[in-house]
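Every number here is computed from the coordinates shown, using simple stated rules; none is lab data. This structure is a prediction, so every number in the text was calculated from the model and none was measured. Cβ atoms come from the backbone with ideal geometry, glycine included; neighbour counts cover every protein chain shown.
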Amino acid sequence: MVVCAITCDFRKDENKSAAIVHPNGKKFAGSEACLKCHASIYEQFHQNAHYRSSADATDSNVSGDFSDGKNVFFLNNFLRVEMVRSEKGMFQAAYMEDREFAREPIDLVIGSGQKGQTYLYWRDSSLFQLPISYFASLKAWCTSPGYPDDQILFNREISVRCLECHGTYAKTSKKDGRDIYDRSSMILRVDCERCHGPAGDHVKFQTENPDTTAGLFIINPGKLSRQQKLDNCALCHSGLRENIRPTFSFVAGDKLEDYSKPDYKQDSAAGLDVHGNQYGLLLASKCFKNSVVMNCSTCHDPHRKEANLTVFSQKCMTCHKPGTSSFCKVEHGGKMNLLMNCIDCHMPKMLSNKIMMRVAGIQGPVHDTIRTHLIGIYLKESRAFDTDSNMR
């Protein structure tokens, strides 16, 4: 009975996606259509942060404590927001003293929950951000980044460019300067077809020709050129970009500069914040400059949930082998095993100056910490990590 229910849900979602057509004329299939032939990858990918980057809000995927007393965020003695869960759904309700003056539903979840989540609500066919988000490292409600901490607002519109990096596809139009979403033509999550392209033709052909082992009518990013691989990731990991062509028109294999252009100087690494521009930081790294093949997937497996620093470190050892001139030359007084963790020393977590929020009980703004992709030698961080290793 449970299997039937799951299968029916897959089919329902697949049929919905199969009715959606990309601007290039290719039909989507829905990632559920990948399950039959790629079950192992499909199951692994469901744990990946990309897959969890956006979703319809449910009781199971909205983080944060809704219990009495823990579901309230006080801006001051007069203003507060309450996170409310009822049979009608989940809401954020704004109060001035004891008078409720605004209430909006939690309709969409943005963010995997590994670092945090923010929440959106529908107003007609436009999306807006709610004022309170969730900060995972402190397990606490916080102000949504960039929102003021002395007033409660529900008026931040979410542009289609935001969804381009947190979803697979959305058909949109403009009305009175506002992005209007066709809610029947949206594919949430950064899903299989975000990186492999619309798979309608591929699924149709493979279904009709089950003995054909070659993957036809589908993009295999592993077979793209180095720059094409980088462009596929840089679409969302290269900071703010100005679109030249319509949002969601880029597909893997295209040249990114034909679709959007950055608003930063690529040669100014010092000005790049650790949030959002991993591509720009990587390009400024000596490791990248000295390699002719290094790209994002050299270190990252896009199909898996990645958290083990030892696994990343072993990838570093591919080039920086012990006993060679490229191995770590920094003297360590501690007993830490260099083969277990290169990352905390050479790609340390740093404070973001773009992602800041106010957290209940903490004075002043709290900066998000993000691992830098400017690979280098950070003596201060290395020595602090070494000292910490001695204490463990």
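Which of the lysines could be linked to residue 139 by a straight reach, that is with a Cα gap under 24 Å, when you skip same-chain ones fewer than 8 residues away? Partners found: 70, 115, 305, 349, 354. Dipole of the chain computed with +1 at Lys/Arg Cβ and -1 at Asp/Glu Cβ about the Cα centre; of 22, 280, 132, farthest Cα towards the positive end is 280.
With each pseudo-label sitting 7 Å past Cα toward Cβ, what's the residue 314-residue 76 distance in nm, one decimal? It works out to 5.5 nm between the two label points. Charging the Cβ of each Asp and Glu at -1 and of each Lys and Arg at +1, and nothing else, the dipole of the stretch 182-264 about its Cα centre rounds to 200 debye.
Near residue 247, no amide H atom lies under 5 Å from its own; only residues 5 or more places off or on other chains count, and H is placed 1.01 Å from N. Working from label points 7 Å from Cα in the Cα-to-Cβ sense, the residue 156 to residue 367 distance is 1.9 nm.
Label sites at residue 307 and residue 329, each approximated as a point 7 angstrom past Cα along Cα to Cβ, lie 3.7 nm apart. Comparing 33, 374, 162 along the charge dipole axis of the chain, the residue lying farthest to the positive side is 374, per the Cβ-charge model.
Backbone geometry of the stretch 188-196 corresponds, through the Karplus equation with coefficients 6.51, -1.76 and 1.60 at θ = phi - 60°, to 3J(HN,Hα) couplings of 6, 6, 7, 9, 3, 6, 5, 9, 9 Hz, x marking Gly and Pro. Remark: the stretch 233-246, residue by residue, has Karplus-estimated 3J(HN,Hα) of 7, 5, 3, 10, 10, 10, x, 5, 9, 9, 5, 9, 10, x Hz, where x stands for each Gly or Pro and the curve is 6.51 cos²θ - 1.76 cosθ + 1.60 at θ = phi - 60°.
Between amide H atoms placed 1.01 Å from N, distances below 5 Å from residue 180 occur with 173, 174, 175, all of them 5 or more places distant or on a separate chain. Calculated mean residue ellipticity, 222 nm, the chain: -6500 deg cm²/dmol, from DSSP H runs (n ≥ 4) at -39500 (n - 2.57) each, averaged per residue and rounded to 500. Taking amide hydrogens as placed 1.01 Å from N in the peptide plane, the amide H of residue 62 sits under 5 Å from that of no residue at least 5 positions away in sequence or on another chain.
Counting other Cβ atoms within 10 Å as a rough exposure proxy, the listed residues 68, 231 run 68, 231 from fewest neighbours to most. Quick one: what are the phi-derived ³J(HN,Hα) couplings along the stretch 27-44, Karplus 6.51/-1.76/1.60 with θ = phi - 60°, whole Hz, x for glycine and proline? In residue order, the calculated couplings are 8, 7, 10, x, 5, 4, 5, 7, 4, 4, 9, 10, 4, 5, 4, 4, 5, 5 Hz. Here the extension length gained between residue 96 and residue 360 equals 93.3 nm, from 0.36 nm per residue of separation less the Cα-Cα distance. Neighbour counts of other Cβ atoms within 10 Å put 160, 190, 311 in the fewest-to-most order 311, 160, 190.
Packing, as the average of other Cβ atoms within 10 Å across residues, places the peptides 123-133, 345-355, 362-372 in the order 123-133, 345-355, 362-372, highest first. Computed on the chain, with alpha-carbon pairs under 8 angstrom and 6+ residues apart, the relative contact order is 13 percent.
In a simple Cβ point-charge model (Lys, Arg +1; Asp, Glu -1; nothing else charged), the chain has a dipole of about 1000 debye relative to its Cα centre. When 316, 37 are sorted by how many other C-beta atoms sit within 10 angstrom of their C-beta, beginning with the fewest, the order is 37, 316.
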